[in-house]
Structure formats: C-alpha cells, structure tokens
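Here's the structure we're looking at; comments come further down.
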Amino acid sequence: MGELSKAYEPVLVEKKWYGSWLDKKHFVADEKSGKPAYAIVIPPPNVTGMLHMGHVLNNTIQDMLARRSRMDGCEVLWLPGTDHAGIATQVMVEKQLKKEEKKSRHDLGREEFLKRVWVWKEKHGDIIINQLKKLGCSCDWSRERFTMDAEYSRCVQKVFVELYKKGLIYRGKRMVNWCPVSQTALSDEEVEMKPQKGFMYHFKVQVDETPETWLTIATTRPETIPGDTAVAVNPKDPRYAHLIGKHIVRPLPAELPHSQKLIPIVGDEHVDFEFGTGVLKVTPAHDKADFDIGARHKLPLIEVINADGTMNALAGELLAGLDRFKARKVAVELLTEQGVMIEAKPYENNVGFSQRADVPIEPRLSEQWFLKYPAVEESRACVNQQMTFGGKPLEAHLLKEKLDTQPAPNAAIGISDLVGNVNYSTGKMQFHPDRWAKVYDHWLSNIQDWCISRQLWWGHRIPVWSGLLSGASIFSLLGGVLKMAALNGVTPEEFEKTVLTIDGNIISCDLNSLDFACAQLGQCEADHRIIVCSSSEMLGQHLVGIGLDQDPDVLDTWFSSWLWPFATMGWTGDKQVDGQNAMLKKFYPTSDLVTGPDIIFFWVARMIMAGYEFMGEMPFKNVYFTGIIRDKQGRKMSKTLGNSPDPLELIAKYGADALRFGTMRTAPLGQDVLFDEKDVEQGRNFCNKLWNACRFRQLQGACHSSPDPLRHGAHLSPFAKDILWKLDATVSKVRSAYESYHFNEVTQALYDFVWGDFCDWFIESVKSDFQDGCLLQRKEATLETIDFVLHVALRLLHPLTPFITEELWEQLGFSGGTIQFAEWPKTDAKFQAQEFVSAHGQVTACFSAVSKARNLRAEYGIASNKRVRWIFLPTDPSFWADAECDALKTLLNASTLDIQKERDLPKGTPVCLTEIGELALPLEGLVDFAAEQERLNREIAKVVDDLAKTDAKLSNPDFAAKVPPAVLEEHRQRFKNLSMRKAQLEQRLKDLA
RNA sequence: GCGCGAUUAGCUUAGUGGUAGAGCGCGUGCUUCACACGCACGAGGUCACAGGUUCGAACCCUGUAUCGCGCACCA
C-alpha cells in the first residue's frame, strides 16, 4: 500500500475496479440465494442509442439502489438490456445503406435488409452497454437481454396469440396516425401536438338547388377539398338547417363534370355553430372527426393523399403528384382563380406531429392491428391513487364514517352513488412522487385501443398467416399441415393456442374439429379465406409452403418492451413451466422501477397491464420517476440544439464518480434537473476532498482495519464524540433519504458531513492531537475515531461513488475485502448517549465561538496566515483541559492562547462574547477606539432587535397560553441569553470610554 | 378548456408551522506541513402578489399573476 497521490486520479482506478468487479462476478444475481430479493429491470435503452444525461441520472439512481441493497444483505438482480427501437434502427440502417451503397431497403429485399440490420446490431449494439459500464453500473451483464433475442421474440409471439385468441387483438380498417416520412402507422402516444402558424381559409360554395345561395366554409386544409364528400351543418343552426338534403358544388378538382362535383349537405350535431362559419367540409378519408361523420351519414370515402404525403390523381390533374403542403398553396391559387376564395386569415392551431420524424401526421385510413388493453381495472386499482370524495382527498378510515353519517339523504343518492364517487385503490404500488398516479389514472381511464402494427421490416413480425384456399386445398393441404404440426415439431401448447379462422369462423385447433371442418369444406370448390394465428414458427413455414402469406407488418416496439419485467426472466407463458422458474419466483415482482415520466404511458402503464394479464401480479412495487434533464436555460436536451453534453467526455474529464455525484446532488425528487457542468466539477472536487481526507489520515500511520473508537472510553475527546454523534445522525439521514427516494438528500447529507463536519471542523480541531507532546492515548483514540468515521462514510458513499470508495477502502486497509458487500451502515444508539449529546452541544458552542473569533480577526484586518495571541476567559473552565485548549488554539490559528480566570484586559481590547466565554484579541496599542465602539454598537443594535422580537412574542398573552411548553421554554431561554448578551456588550462599550 | 408543477440571494436551489440554509458566482485576505479540485472571512433574501386561518406562515387555505409540463381539442 503506497502513499496516496496528492489528487484523486479516477481513470486508472475506474478501469481497475470495474474489471475486478466483473472478474469476480460481483454483479451476478443468484436466484437460488436465501437472501431477500431486490430486483430492478433497466429501462432498456435503444440499441442505437448513445448515453445521454438522462441515462446518467436514471442509471445512477438504479445503481445506487442496487448497490445499497447489495450492502444491505439482499440478493440483487439488476437486469440490463436494450430494445430494438423499430423505427430508429431501421431508419439508421437505411441511411447508411443509402450513403454507402446508394440503395434503398426495397433494393435489397426484406430478408437481406434484415441481415444488414443484424450486422449493424452486432457491430454497434453494445455501444450504450459499454457506456453504462463506464458509468459504473452494477448490472448483471450475464443476463443482458435484447427485445429481438429469439427467446424474447417467442414471448412476444405468445402474447400476441393469446390476446388474439381472447379477441383483444383484432384487425380493422381505421383512421390511424400516419407518418408520411416513416410511412407507417403510429400509436396515439407517438403523436405530439404542436401549435403551428398557418391560415384559416374562407371560401364559398354554391348550393346547387338554389344557385343564388352561397355558403362560406372555413378550412385550414384546402388541399383536401377534392376528398370532400359532404358539407355538414348543425341541424339546430337556424341559418343552415333548411339546406340539409340539398347539395353544394365542390370547387375542386375543377376539371370534373358538374354532376361529379355535387356533394350533399348533411346535418350533424358535431358541428359547432360558433366556430368558423358553422359550415364544415367533410373529408372522411383524411380526418378522424370527418371519418366519424362520414360513417354516420354513409358518405363515400375519397382518398386523395398517398402514403408518402403526395397528392394522387383523384385530387385533380393540377394537384396530383404534389406534396401535401405544396398542394395547399396550389389549391388556394385554384380557388382564387375561380373567384371563390374569400380570405386567408393568419391562424394558429395545434397539429399532430410524428414524434420520430417531426413532420405533421396524416390521418389515414388503413388496415391495422389493434389491441384492446387487458387488465385495465386491476392496473388502475393497484396504484397509490388517493381516494377522493367529492373531489377532495379522503382518508381510508373516514370512508366508513362518511357512509355512516351520510346515508342516502334522499332516495336518489344511495350507497352506490357514494361509492361511485369514491375513487378507491388498493395502493399496492407506489409512485414517487405520487402525483404521477393521477396522470396515470387519467390516461388509463380514457384509453383508446392501441394500434400495434407498424409498416416496417425491423421488429417482431405479426404471427398471422392468411390467404385464400379452395375447399380441396383446405382438405388436402391445410389439414395436412396442421395435423403434421400437431403430431411433430409444434408443442401441444402452441398447437392448442393456434387460432384458425375459416371465412370468419373460428375453428378449434384440436384434431377432431379440424377433421370435421376440413371434411366439410373439402366438399365445396369455392375459395375460402383462411387466417391462422400461431406462435409456432415451424407451422408458419409450412403455411407459407401451402400458399398462405404472413402479415407483412411488425409490432410496435413497445409491444415487446411492455413484457420486459418477466420476458427477461425466462417467462414462457406456460403456467407449469413458469411455476418452476426460479428467476421469476425469486425476482418477480421486481422491487423498484426507475424511469422518466415521459414514458409513463408508453411503457410504465403498459407494463403494469401486461404484468397483471400474463403474470397475474404487478411487475414492480415502486416506480420512481426522475426529472427531465435540461440545460442551464431550462431547455430540454436535444441533438439539434447541441446542448446535450457527452457523458463520456465528462467522465474522461472529471471521473465517473464526479459525474454521478454532481448529477445526483442537483436532482431533487420530482423536479426537472438543470444541468450545469459546474455540478460535475463540484463532484470532482468532492471526490478530491474525500481523497485528501484519507490521505491526511494515511500520513498519520496505518489505519485500524475494523475500527472501534468506543473502546478508548474516557480518552475520546469531545471533538471525537461530536463527530461520532454527527456521523450517526448522517447515517440516519441517509437511510431515511433512501427510504423516501430523496436521492439528492442522500448526496447533500454526505457532502455536508464529509466536507463540512469532518474536513472543515473535525480534522482541523484534532490536528493538535497529533503534535508532539500530546497524550498518546488521546492521539490513538482520535485516530481510531477518524478510521471509524471513514469506515462508515465510505460505505455510505459507496452506492453513490463506487470507484473512489472501493479504492480508498483498499488503500486504507479496511478488512473484509470489497466494500461492495460491506455492511450498509446502521444507526447505533450508543452514539446518542448523554455524553455524546452533551459533547455535541459543547463542540457546537466551541465552533460557533471560533467562527465569531475569526470574524473579529478579519474585521481587524489580520491576514489569515498571521498568528496572533488570543486571551480566553472560559465560562466553564473545567472543560478546558490542555488538549481542548490546543484544539481551540489550532482552530483560531493562534500563536498563543492565554487562559484568564479573572478579567484583566488592556483597555479597549476587542472581545467577542460567545457561549464558551470571552475571546479577546489583544492588539497592544493598536486599538482603534472609534472602530471598536462602532463594532460594539452594531452588535448591540442587532441584539436589541432580536430581543424586541422575542419580547413581543413573550408578552403576547395568547402566546404563553397556547404555545407548546418546549417552544415557550425555548423563547424564554432565548430572551435570557439575549438580555445577558446585551448587558455584556454594553459593559464592553462602557469599558471603552 | 382540464389537470399537474414551479415562483426563496446575481444563478441553481434546500427548507411541512417556532430567529431564512447551501453550492456556484462575487468581494477581501491567505503558496497555514491532506487538499488552490484548497482555506478563512464577508456582502447579498419585504421567501411572486392579495386575502384568510393561527399566539406565530416561506410552509396550511382561497384567489391572482407569471413560467413550465401533460391531456383534450373546432374544421
């Protein structure tokens, strides 16, 4: 063990220890362990991702929790992995392909393209994983999962088949959010509403039956006019109601014959007569609300926009081929030419944008797969949603009271109404901060079916095969394939779950029913529509062999990650098998989930539903929502703004511990974090401070490997007792901060203790114990106290700053090997014993006296390196043994400290009055009487002010009558102290005259 | 529109009813034998505003303003 370097150098230390931890398999969870389980599943970062500050915050918290629990005697599983990020990854590989080979994915074909994606994944997929390692994350890397792993993919397929069989997954032609750039459907959650500046165009149309009547229509999207199949008015609108049933002449496309331009005027309650002109153009193929109106009135659909956002031939010859935004301008020109354009008012409205591609969504009619969410009620009930009654929070015990005291005031309000008003929950799952429960509940109570299909290639392909087969083929081919599958290759479970639909009728997949159905259909020659949904890939291959096609779409990435908490643990969906799964038994439900609130709907809510649906149990007990990391100006971090620092550069510059510490210190529960590199610098400074405190200790000789300061009994100085008291308080603070998920308080408490209490005060106060002539026993007791403090503090710090603490633990020679499994510190009642409490009081008084004395020095302009003589008149001389005086002398940086029992000071000597006594600064003829007078007067004024405030309270009769006794006593004491102080100060002032 | 959050020193913020705390920045003085990634001292706050509750309010209640976020949206 060499001497510690002058400054902490993180690079080598981090490399050394991370390698060692991996070699020794410290992070590997043992599902057979008898220790209590503690599990976290990582929010899987995108496989294409790079570490950003959000990851740093999120994963530092997870690592803190994992390491804390490991020290606390738990068997810890922190399960890492990545998700396949369908769109992002596909786009990235497509871009690369275009750049390097000038090819599109269609040039390669589906299979070849997917090969390329896998090549890319193998090459770059572990970038972010390695970055997490650099941060120090103690994940069980042996259990790393990827959502496209074969095993994981099987889970996704099984879940699909099961939900399909239950009728929760269905295919339908619907209006969906279409991203014209990615050319895929998106879920509602992937659409972001953004205010857009545009125009509200007013144009007029002629009523065909009464050509003198013109109606004015307001629209923001004139390019969709060719797709209009009606105009709608509110049937209650007196201006227009009489026109219902008549027709108007649609102005575009202009080239159509008159008869094809006529569209009906329909009456629909949806139309708001206050808005616009009260006349609504209805474009059922390109607007959600219009689609519904269209359905109500059986209007035809005219699609005028292509999948890529360009206009098609039905939009008319002048618009066809144009991009939708270019077409908007042209449409306006065309209307103007026709003389029907009235005005274009500047207008701001909210437009849905594709979160991925950042372009406006095009509502588009298409055939998609949808999921009716499962287990919604259980998922709502389990979260700590507060119970409310009439909109007010309601405590559980008050519910009964309410029901008792308010029994149906009248017949119309019964118990059921009352209960209906009570928002009840089991509160088994806790959100931190809990206000997110409300957001979660609101979303869950208003959900629409989830569009789960994506028109992409990279992802889990929908396990459905379909096609037309003649009766004969069904008999000879399909029946054969299914039977063959049932007899060999496909597990009975998979076979049983396979769903076969013939002409819309579900046929059970058992051999008898199959025989019957096939035999029946075999009789007739007509074609039949066959749909097979199965999780068996082998069956799928055979089905392709007989001419059925697999659905080309893949599933939304979130449709795989919602299974993350159990699909990563070897879940199979087979109850028997899963019942024997040691991993699931040990670690499911997991303990904590740490994630950002931005994916509360995408991921958290869906995981909860999947947990209940497929495991019958919630996936985690606590959800901690981090804040969003923003830059100094409060803007979100983004690549385009370039305000997102590279955490790896920060690690290289300051060290991983510094980055972790700095990030955590400024990340309070539930608040966004304004990131400033200064915080990381602060973190580095802290590490260096800790390092040097240990270095200081090391310079005094070897440490005790299992320190126990209490064995020194009476030789423990008051300063030692005080720091032990403070250490114990810190243990308590840190523990409760962890309990309440206030991680910044963990950090702050440790910072204050190490830097303030330990380094600034304690170490300074005990330096005199190491000087020649000091009592050896005292020195020994102090050294062992330092050892003990470091022994505890390093352990408390370890989850937060794993590298430096492990290094120092070894350097100082503490016993028991790695700090990672050293015991998580507990509070110890011994340190709260009377002698410690009173030492704490005495030392606090001493330190506060030192501060006052230093201030006096500074006021007299004495340079801090200049040692001067102090005279001390102690209030309690018995406390001030030589060693204590030496400590005081060191803290004051005094040349000598003369103790006076009787006041004997040269006239006008500046004095500070403190709780421990008077500290006088003899200036030997240099006293500036006027200055001293002024100083005393200033101090008196302040005391008088405080005194007045305290007196005002005490003389209020209500105060004495109503205040708790302890507070009253405190105020009386304060008044007494202030009065005494005032008297003393006035005496000093008199002495001066 | 509905909901949530924030508003405390120049900046970032802690603070759940009893004399307003910290870090950065700023000023002054220090190469004090662990640390200049440091030490000491200092200046700097009508706790957004208006009411209310209370002996007592930064803190609890009501309202207002400003900022941020989420949800829902009317063409």
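The values are calculated or read from the model by the stated rules, or taken from the named source; none is laboratory data. All values derive from a computational prediction rather than experimental measurement. Quick reminder, even Gly has a Cβ in these numbers, built from the backbone with ideal geometry, and neighbours come from all protein chains shown. For the accessible areas, the whole protein counts, side chains as well, though only heavy atoms, and no ligand, DNA or RNA atoms are used. Shrake-Rupley method; radii C 1.70, N 1.55, O 1.52, S 1.80 Å.
Structure notes:
- There is no residue in the range A:137-156 that is of a type in the set (A, V, I, L, M, F, W, C), over 30 Å from A:K24 (Cα atoms) and within 16 Å of RNA strand B (Cβ to nearest atom).
- Within the range A:216-253, tally of residues that are touching a residue at least 12 places away in the same chain (Cβ under 8 Å), more than 14 Å from RNA strand B (Cβ to nearest atom) and under 14 Å from A:E269 (Cα atoms): 2
- Filtered residues of the range A:875-896 (kept if part of a strand (DSSP E or B) and buried (at least 19 other Cβ atoms within 10 Å of the Cβ)): A:A894
- Test: residue in the range A:730-749 that is away from RNA strand B (no atom under 13 Å from the Cβ), under 30 Å from A:G627 (Cα atoms), among the aliphatic types (A, V, I, L, M) and part of a helix (DSSP H, G or I): yes
- The range A:610-636, residues that are within 14 Å of RNA strand B (Cβ to nearest atom), closer than 30 Å to A:L563 by Cβ and either hydroxyl-bearing (S, T, Y) or surrounded by fewer than 21 Cβ atoms within 10 Å (Cβ to Cβ) (or both): A:T626, A:G627, A:I628, A:K636
- Of residues in the range A:258-282 being more than 8 Å from RNA strand B (Cβ to nearest atom) and part of a loop (DSSP other than H, G, I, E, B), the one surrounded by the fewest Cβ atoms within 10 Å (Cβ to Cβ): A:E269
- Qualifying residue in the range A:905-914 (condition: touching a residue at least 60 places away in the same chain (Cβ under 8 Å), among the charged types (D, E, K, R) and farther than 30 Å from A:G841 by Cβ): yes
- Listed by first and then second residue, the pairs with beta-carbon distance under 7 Å, at least 6 apart or on different chains, first residue in the range A:312-341 and free of Cβ contacts under 8 Å to residues at least 40 places away in the same chain, second part of a helix (DSSP H, G or I) and surrounded by fewer than 17 Cβ atoms within 10 Å (Cβ to Cβ), are A:A320/A:A313.
- Residue in the range A:955-975 that is in contact (Cβ under 8 Å) with a residue 24 or more places away in the chain, under 53 Å from the mean Cα position of the chain (by Cα) and open to solvent by less than 60 Å² (accessible area, probe 1.4 Å) present: no
- Condition check for A:R70: assigned to a helix (DSSP H, G or I) and either buried (at least 18 other Cβ atoms within 10 Å of the Cβ) or touching a residue at least 60 places away in the same chain (Cβ under 8 Å) (or both): yes
- Of A:L790, A:L796, A:L812, A:L783, all but one fail to be over 19 Å from A:L888 (Cβ atoms), touching a residue at least 60 places away in the same chain (Cβ under 8 Å) and within 13 Å of RNA strand B (Cβ to nearest atom); the exception is A:L790.
- Hey, A:L985 without any contact (Cβ under 8 Å) to a residue 40 or more places away in the chain, surrounded by 15 or more Cβ atoms within 10 Å (Cβ to Cβ) and either among the basic types (K, R) or more than 9 Å from RNA strand B (Cβ to nearest atom) (or both) or not: no
- When A:L365 is tested against the conditions (1) in the same structural domain as A:I225 (by TED's automatic domain parsing); (2) open to solvent by 30 Å² or more (accessible area, probe 1.4 Å), the lone failure is (2).
- Residues within the range A:857-875 that are more than 9 Å from RNA strand B (Cβ to nearest atom) and either more than 22 Å from A:K901 (Cα to Cα) or modelled with pLDDT under 90 (or both), tallied: 1
- Members of the range A:437-487 found to be within 16 Å of RNA strand B (Cβ to nearest atom) and open to solvent by 20 Å² or more (accessible area, probe 1.4 Å), listed by number: A:K438, A:V439, A:H442, A:W443, A:S445, A:N446, A:I447, A:Q448, A:D449
- Residue among A:A344, A:A254 that is closer than 11 Å to A:P226 by Cβ and not aromatic (F, W, Y): A:A254
- Residue pairs meeting the criteria (Cβ under 8 Å; at least 6 apart or on separate chains; first open to solvent by less than 60 Å² (accessible area, probe 1.4 Å) and of a type in the set (S, T, N, Q), in the range A:181-196; second within 9 Å of RNA strand B (Cβ to nearest atom) and not in a loop (DSSP other than H, G, I, E, B)): none
- Hits in the range A:73-109 - residues which are modelled with pLDDT of 95 or more and either of a type in the set (G, A, S) or in a helix (DSSP H, G or I) (or both): A:G73, A:G81
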